[in-house]
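The values are calculated or read from the model by the stated rules, or taken from the named source; none is laboratory data. This one's a predicted model, so the numbers in the text were calculated from it and none came from an experiment. Note that each Cβ is placed from the backbone with ideal geometry, even for glycine, and that neighbours are counted across all protein chains shown. All accessible areas refer to the heavy atoms of the entire protein, side chains included, with ligands and DNA or RNA removed. Shrake-Rupley method; radii C 1.70, N 1.55, O 1.52, S 1.80 Å.
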Number of protein chains: 2
Amino acid sequence: MKCASDIEVRDVEEMYINIDPIQAGGRLTADAMKAVIAYADGYSVCDNCRKPFRLDYIQKPPIAQFHADLARWLNMDTARVVPGARRGFQAVASSLVERGDPVILTSLAHYTEYLAIEEAGGVPREIPKDGSNRITADAAAERIEAVIREFSRTPPLLFLDHVDYQYGNVHDVAGIIKVAHQYDIPVLVNGAYTVGIMPVDGKALGADFLVGSGHKSMAAPAPSGVLATVEEYAGKVFRTTEARGDLTGRTFGIKEVEMMGCTLMGVTVVGMMASFPHVQERVKGWETEVAHSQAVVDALLSIEGTKVLSEYPRRHTLTRVDTRESFDRVAQQHKKKGYFLSNDLKKRGVIGVIPGSTRVWKFNTFGLTENQIRHLSEAFVEIARDNGLNCL
Amino acid sequence: MKCASDIEVRDVEEMYINIDPIQAGGRLTADAMKAVIAYADGYSVCDNCRKPFRLDYIQKPPIAQFHADLARWLNMDTARVVPGARRGFQAVASSLVERGDPVILTSLAHYTEYLAIEEAGGVPREIPKDGSNRITADAAAERIEAVIREFSRTPPLLFLDHVDYQYGNVHDVAGIIKVAHQYDIPVLVNGAYTVGIMPVDGKALGADFLVGSGHKSMAAPAPSGVLATVEEYAGKVFRTTEARGDLTGRTFGIKEVEMMGCTLMGVTVVGMMASFPHVQERVKGWETEVAHSQAVVDALLSIEGTKVLSEYPRRHTLTRVDTRESFDRVAQQHKKKGYFLSNDLKKRGVIGVIPGSTRVWKFNTFGLTENQIRHLSEAFVEIARDNGLNCL
């Protein structure tokens, strides 16, 4: 069925249990869907834009209030909506990093952090992970020392993934930030996998910048996200324009350079806003989400040969597993090769594992119901049994 | 009526004739609305993202084809979708402009061009407008010469608004670009008010970069837009990352630095795609749109004291008028002051003039039907007559 010319209707979320690693936290809430329909037109939130003509000052819809609420909820001083977490990284790197500066990130960092550093002319330096795929404060301290020796100056910024996208491991953010602050290095916490799905307290972590993703974890349309800062850096990253027309003398009020003026002028910001009360509520159920994740992981571990590469027990809903000694053994004999797994899952109403993957892969159980978790766990075990794998 | 918590349902486009200057070209088509509903979830277009894992390579929905079609339609060599035209300006300025470089733009340039220059560390230098609020090739030549003398080097970039946002005047883009190219200055054409509403041929204009806005003129949700380039500059602006993890050796494939990887991963790109066939069709009706605009302007001019500040006859649907000697005279006596005009328009089903404005203001007739144009023209004249202004 087509929804327009050659675009097929997307029914993944209606028809399947979707365990795709990146999509789980970005499914819209019903309220967001209603808001999307009401505000789908281009500049839909600009009907009542009045002086000083900036998105975060608009009262109706209550975008100004939303910005204040977002900052308070994250326990940060200021917040702006941005077109994706990556545009938050870009704004901060562009403001703090000069050409040739070393910038620290971790060996599990998302690629967009490397891009933000590259665009600002910085030089990435990684904190190594330990044997359990965790970033520790000790490793951070050691690397900071080494980088200062190498460059004879202090890195102007450190990127830190609260939960990394590779393993879904929860890192010692507070401990690492404490170390960084001893060297006066401000820290940007990438909360793309945390803000909107689990409780995050920016001040408790010590974050100088806290970035979240609307489409990844705040039940919002893409591209959307939030960049929050402490007061100390707000003036720098959200600096207003000093540009002046040399002939006309034109100036541009309080438009913010790194935001490029307004950012999300329609469906994206309204989607975030409509989901926000639900997002604030759902993070309170994080323990249940983790228990669900653990249940599915344990079902997978009951299949002989299966390993979990993420930390165990699980503390997040995104998990990386190694099934080279289980499902991949089946794949080597199966007439459908590696596709048997995604096929068999799909027959059972489960989607989101990359077709063909039977070696090392990821899945995310966020947002599934108790029943769906049970069904998913049983599906994995049944597929294993049906294909001759031993299960405990 | 609320659509979610404290967000009121937006019904401006359903209930009124909307002549807001910036919203006209961004109203969704029916197909875009259907696509928005089907693809509203966060990372909705990523279901079938396969190697090399980049938005513009996705086959289903046909995003790869859309990119090729966009470039061909604009008669440019390559195209990428971006989160708003401004993010296209930013990408180009960031790639071409070094700190301290002079960058030329016009005295009618949109503020986001100044911001893009500022963020890149450039120094804006304006081409003056002439007495009819037009930018001419002669003025451009003169200013380029002066800037080269001032800085002892050639500006790396010139921004040029195809149609400016202040007057809706159509400038001599081809003539100005011809001049700029004599000095080897590449030109970015800002087509925020042209791409998607009138025919635009990048090669015929001579544009090195052609930028359009999805939410302003391509019937798409915000933030969205297109950045198209000629082959010569594609490799520079769409350069792929050279970042490498210093410990891990990680590299990041063909992710593009200025795009920050993927740009519009959901409803925004699908909205653009669903509207695209209609947008391609509607630009063919541009002459009718201009005739409509002219009819409303002539109705306004029939009201004694009213002046049109935009070029006349009209060549665009965005118009700036001066009613200080007509509606503003009424305002000075009226118990509702300047609000009488927007109030009286609203009573007649017309919205989009900033409440209180009776001096210098703008409106846009794009997309209105023949009947709506007649109604709008009559509304202005009736309001004038009802308030004692002479009409021809």
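Assorted remarks:
- Residue that is hydrophobic (A, V, I, L, M, F, W, C), over 28 Å from A:Leu96 (Cβ atoms) and modelled with pLDDT of 95 or more, where the choices are B:Leu96, B:Leu105, B:Leu160: B:Leu160
- Any hit, region B:321-328, residues being modelled with pLDDT of 95 or more, farther than 30 Å from B:Lys129 by Cβ, more than 26 Å from the chain's Cα centre (by Cα) and not polar (S, T, N, Q): no
- Flag for B:Tyr16 being among the aromatic types (Phe, Trp, Tyr), within 25 Å of the chain's Cα centre (by Cα) and more than 7 Å from chain A (Cβ to nearest Cβ): yes
- Hey, B:Tyr114 free of Cβ contacts under 8 Å to residues at least 60 places away in the same chain, in contact with a Pro (Cβ under 9 Å, 6 or more places away or on another chain) and of a type in the set (Ser, Thr, Tyr) or not: yes
- A:Arg10 fulfils the conditions (1) within 10 Å of chain B (Cβ to nearest Cβ); (2) out of contact with any Ser or Thr (no Cβ under 7 Å at 6 or more places or on another chain) except for a single criterion, (2).
- Count of residues meeting criterion [more than 7 Å from chain B (Cβ to nearest Cβ) and touching a Ser or Thr at 6+ places or on another chain (Cβ under 8 Å)] in region A:117-130: 4
- Among residues of region A:33-49, those that are more than 7 Å from chain B (Cβ to nearest Cβ) and either among the basic types (Lys, Arg) or surrounded by 19 or more Cβ atoms within 10 Å (Cβ to Cβ) (or both), counted: 2
- Region B:85-115, residues that are open to solvent by less than 10 Å² (accessible area, probe 1.4 Å), small (Gly, Ala, Ser) and assigned to a loop (DSSP other than H, G, I, E, B): B:Ser107, B:Ala109
- Test result for B:Pro52, more than 10 Å from chain A (Cβ to nearest Cβ), in a loop (DSSP other than H, G, I, E, B) and either in contact (Cβ under 8 Å) with a residue 24 or more places away in the chain or crowded, with 22+ Cβ neighbours inside 10 Å (or both): yes
- Residue list for region A:116-142, restricted to those being touching a helix residue (DSSP H, G or I) at 6+ places or on another chain (Cβ under 7 Å) and open to solvent by 10 Å² or more (accessible area, probe 1.4 Å): A:Glu119, A:Ala120, A:Gly122, A:Pro124, A:Arg125, A:Pro128, A:Asp130, A:Ala137, A:Ala141
- Qualifying position, being facing chain B (nearest Cβ under 8 Å) and at positive phi, among A:Gly245, A:Gly271, A:Gly266, A:Gly261: A:Gly261
- Filter result for A:Gly235 (outside any loop (DSSP other than H, G, I, E, B), more than 8 Å from chain B (Cβ to nearest Cβ) and either more than 20 Å from the chain's Cα centre (by Cα) or closer than 27 Å to A:Glu119 by Cα (or both)): yes
- Within region B:67-84, considering residues that are assigned to a helix (DSSP H, G or I) and open to solvent by 10 Å² or more (accessible area, probe 1.4 Å), the one nearest to the other protein chains (Cβ to nearest Cβ): B:Asp69
- Residue in region A:298-307 that is under 29 Å from A:Ala228 (Cα atoms) and open to solvent by 20 Å² or more (accessible area, probe 1.4 Å) present: no
- Subset of region B:95-106 [out of contact with any helix residue (DSSP H, G or I) (no Cβ under 9 Å at 6 or more places or on another chain) and either within 20 Å of B:Ala141 (Cβ to Cβ) or more than 9 Å from chain A (Cβ to nearest Cβ) (or both)]: B:Glu98
- Any hit, region A:212-222, residues being within 13 Å of chain B (Cβ to nearest Cβ) and charged (D, E, K, R): yes
- Of all residues in region B:214-221, none are open to solvent by less than 50 Å² (accessible area, probe 1.4 Å) and in a strand (DSSP E or B).
- Remark: pairs (first residue in region A:173-191, free of Cβ contacts under 8 Å to residues at least 60 places away in the same chain; second residue open to solvent by 10 Å² or more (accessible area, probe 1.4 Å) and polar (S, T, N, Q); Cβ separation under 8 Å; 6+ apart in sequence or on different chains) = A:Gly175/A:Thr136; A:Ile176/A:Thr136; A:Tyr183/A:Thr154; A:Asp184/A:Thr154.
- Odd one out for A:Tyr312 among (1) at the interface with chain B (Cβ under 8 Å from one of its Cβ atoms); (2) of a type in the set (Ser, Thr, Tyr); (3) open to solvent by 50 Å² or more (accessible area, probe 1.4 Å): (1)
- Candidates B:Gly367, B:Gly285: the one that is over 17 Å from B:Val381 (Cβ atoms) and within 14 Å of chain A (Cβ to nearest Cβ) is B:Gly367.
- Residue within region A:326-349 that is crowded, with 22+ Cβ neighbours inside 10 Å, touching a strand residue (DSSP E or B) at 6+ places or on another chain (Cβ under 7 Å) and not aliphatic (A, V, I, L, M) present: yes
- Of all residues in region B:230-271 being among the β-branched types (Val, Ile, Thr), in contact with a Ser or Thr (Cβ under 7 Å, 6 or more places away or on another chain) and open to solvent by 10 Å² or more (accessible area, probe 1.4 Å), the one that is farthest from A:Phe159 (Cα to Cα): B:Ile254
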